[in-house]
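Here is the structure we will look at, set down as structure tokens.
The values are calculated or read from the model by the stated rules, or taken from the named source; none is laboratory data. Every value quoted in this text rests on a predicted model; they were computed, and no experiment measured them. Every residue, glycine among them, receives a Cβ derived from its backbone with ideal geometry; neighbour counts consider all protein chains shown. The area values use the complete protein model at the heavy-atom level, side chains included, leaving out ligands, DNA and RNA. Shrake-Rupley method; radii C 1.70, N 1.55, O 1.52, S 1.80 Å.
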Amino acid sequence: MPAIVVLGAQWGDEGKGKATDLLATSDPIDFVVRTSGGHNAGHTIVVDGEKFATHLLPSGILTPGATSVIGNGVVVSPEALFAELDALLERGVEIGGLVVSANAHVIASYHSTIDKVTERFLGKNQIGTTGRGIGPAYADKISRVGIRVADLFDEGILRQKVEAALDVRNQLLAKVYNRRAVSVDAVVAELLSYVERLRPLVADTSLLLNNALDEGRTVLFEGAQATMLDVDHGTYPFVTSSSPVAGGVCTGAGVGPTRIDRVIGVAKAYTTRVGSGPFPTELFDEDGANLQRIGGEIGVSTGRTRRCGWYDAVVARYSARVNGLTEFFLTKLDVLGSWERIPVCVGYEIDGVRVEEMPMTQTEFHHARPLYEFFDGWGSDISGCRSFEDLPKNAQVYVKALEEMSGAPFWAVGVGPGREETVVLR
Ligand code: GDP
Ligand code: IMO
Ligand code: MG
């Protein structure tokens, strides 16, 4: 199975880091690749009780023998990249190879300035972004005034491109947002300061990965963000500015869809979301507070409390469909150990009509009321379970029911944050 995609099937933070780590340690993986997003991601890995978090780097950076790749679809803040690398090196982590696409777009400090200013101007309509400059960097890319990693290696070209980018941005900053304009010299100097460290890492990553696949080597594409945050398929406009769905892997890495063998959607046994936007199963009561507390639902990148709700099978089926999932990894089943009765959303009521698929319009989704089926809880700690048969009967029933309604078979179930705290089903 040489090419595997791991992606978020809900609103992010499903446990993609753990899934990547699990796959990378159970079978030798040659390359772990990020293909979209930037340092807005926060992926946690727990190895022998020690916790690591990666943001821009794929969590495969911690896998011995694997080369990490930052694909062309990623937006790269050189400052964040080296800060993250240095922090890992300081902890004494042995880091494998790292390759950055020459075509990846660069996030400079003005992108995060614009991100924050824009959010402030949106007021009550704000997206709740991570403030890392992700949206403005992708906007520049699509507007064709972005700066790519390769541009940093030619000072003349870099200056021209920064001038073109700031031409528009400075007008906005000064005239609309009432802020000070950004100096071209300062941005050029900022970006040039990373050139020496960056140069040896940069390559044509599409060629590298296609050659690797031709040689039968194993490539793991580690998704960031999630299906419901996808700029096309998510809850627009409350989304990120990239394509975290399976299709985005192909454009974000420069590999064709025919090369992908497995597409694993990671989903929690309940649901969380950070930032604004619709969330039909969101809980505002004690159950929500308990999911948040027991699940430790606090953002890895921003420290924000995650909104919590029950599992939503409509979202799961939608994810299975738009990503062509071959399987799911269900995480955090252990968190549900203290409930007597666990609701699962099996459909929505929208303006008096029962629907079982994601509605066509955002307005309908905003009006969606969850319809629940109820399952008996198991009331015990399952973190020691290592096989399906080890799970209490009611937990088995819950997993099987979710599998039946989610649109793709379940590959494994997480019963704790540690790599070994997993029940592999098939
Ligand atoms: P990612 O962004 O998808 O990689 O997920 P995050 O790292 O942001 O959030 C997932 C959190 O759940 C992390 O703290 C993980 O250590 C933790 N986690 C992952 N799988 C499990 C599981 O099966 N059980 C429990 N209790 N925690 C888990
Ligand atoms: P991982 O990879 C959860 C959310 C933000 C905000 C919206 C837009 O750890 O699952 P952005 O800064 O991307 O423009 O913010 O997307 N968001 C995430 N939520 N997990 C993430 O990453 C996220 N990355 C972005 O909270 O609502
Ligand atoms: Mg996360």
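Observations
- Residues of the stretch 267-314 that are open to solvent by 50 Å² or more (accessible area, probe 1.4 Å), more than 22 Å from Ser383 (Cβ to Cβ) and more than 15 Å from ligand 2 (Cβ to nearest atom): Phe284, Asp285, Glu286.
- Looking only at the stretch 397-426, and only at residues there that are more than 23 Å from Ser319 (Cβ to Cβ) and out of contact with any Cys (no Cβ under 9 Å at 6 or more places or on another chain), the one that is most open to solvent (accessible area, probe 1.4 Å): Glu420
- Counted residues, the stretch 396-421 - those being among the charged types (D, E, K, R) and either assigned to a loop (DSSP other than H, G, I, E, B) or outside the structural domain of Ile264 (by TED's automatic domain parsing) (or both): 3
- Residue in the stretch 108-121 that is free of Cβ contacts under 8 Å to residues at least 24 places away in the same chain, surrounded by fewer than 16 Cβ atoms within 10 Å (Cβ to Cβ), more than 16 Å from ligand 1 (Cβ to nearest atom) and more than 22 Å from the chain's Cα centre (by Cα) present: yes
- Across the stretch 56-65, a minimum of one residue is classified as within 30 Å of Ala408 (Cα to Cα) and open to solvent by 30 Å² or more (accessible area, probe 1.4 Å).
- Number of the exception - Gly60 against (1) modelled with pLDDT of 95 or more; (2) within 15 Å of ligand 2 (Cβ to nearest atom): (1)
- Where strands (runs of 3 or more DSSP E) sit wholly within the stretch 174-288, those with at least 3 residues that are under 30 Å from Ile350 (Cα atoms) and in the same structural domain as Asn323 (by TED's automatic domain parsing) occupy 262-268, 270-273.
- Test result for Asp86, assigned to a loop (DSSP other than H, G, I, E, B), closer than 26 Å to Lys116 by Cβ, in the same structural domain as Val300 (by TED's automatic domain parsing) and among the charged types (D, E, K, R): no
- Pair list, Cβ < 6 Å and 6+ apart or interchain, from the stretch 275-303 residues that are over 24 Å from Val314 (Cβ atoms) to residues that are assigned to a loop (DSSP other than H, G, I, E, B) and at pLDDT below 95: none
- Matching residues, the stretch 190-225, being within 16 Å of ligand 1 (Cβ to nearest atom) and at negative phi: Leu220, Phe221, Glu222, Gly223, Ala224
Residue by residue, here is whether (1) at pLDDT 95 or above; (2) within 12 Å of ligand 1 (Cβ to nearest atom) holds:
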| site | (1), (2) |
| --- | --- |
| Ser242 | yes, no |
| Gly247 | yes, no |
| Gly252 | yes, no |
| Arg259 | yes, no |
| Val263 | yes, no |
| Thr281 | yes, no |
| Thr302 | no, yes |
| Ser319 | yes, no |
| Leu330 | yes, yes |
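- Failed item in (1) in contact with a Gly (Cβ under 6 Å, 6 or more places away or on another chain); (2) within 14 Å of Thr331 (Cα to Cα); (3) without any contact (Cβ under 8 Å) to a residue 40 or more places away in the chain, with Ser383 passing the rest: (3)
- Where a residue in the stretch 184-202 is free of Cβ contacts under 8 Å to residues at least 40 places away in the same chain and its partner, wherever it lies, is open to solvent by 60 Å² or more (accessible area, probe 1.4 Å), with Cβ under 8 Å and at least six apart: Val184/Arg159; Val184/Glu163; Val188/Glu155; Val188/Arg159
- Any hit, the stretch 45-53, residues being more than 13 Å from ligand 3 (Cβ to nearest atom), surrounded by fewer than 24 Cβ atoms within 10 Å (Cβ to Cβ), part of a strand (DSSP E or B) and among the aliphatic types (A, V, I, L, M): yes
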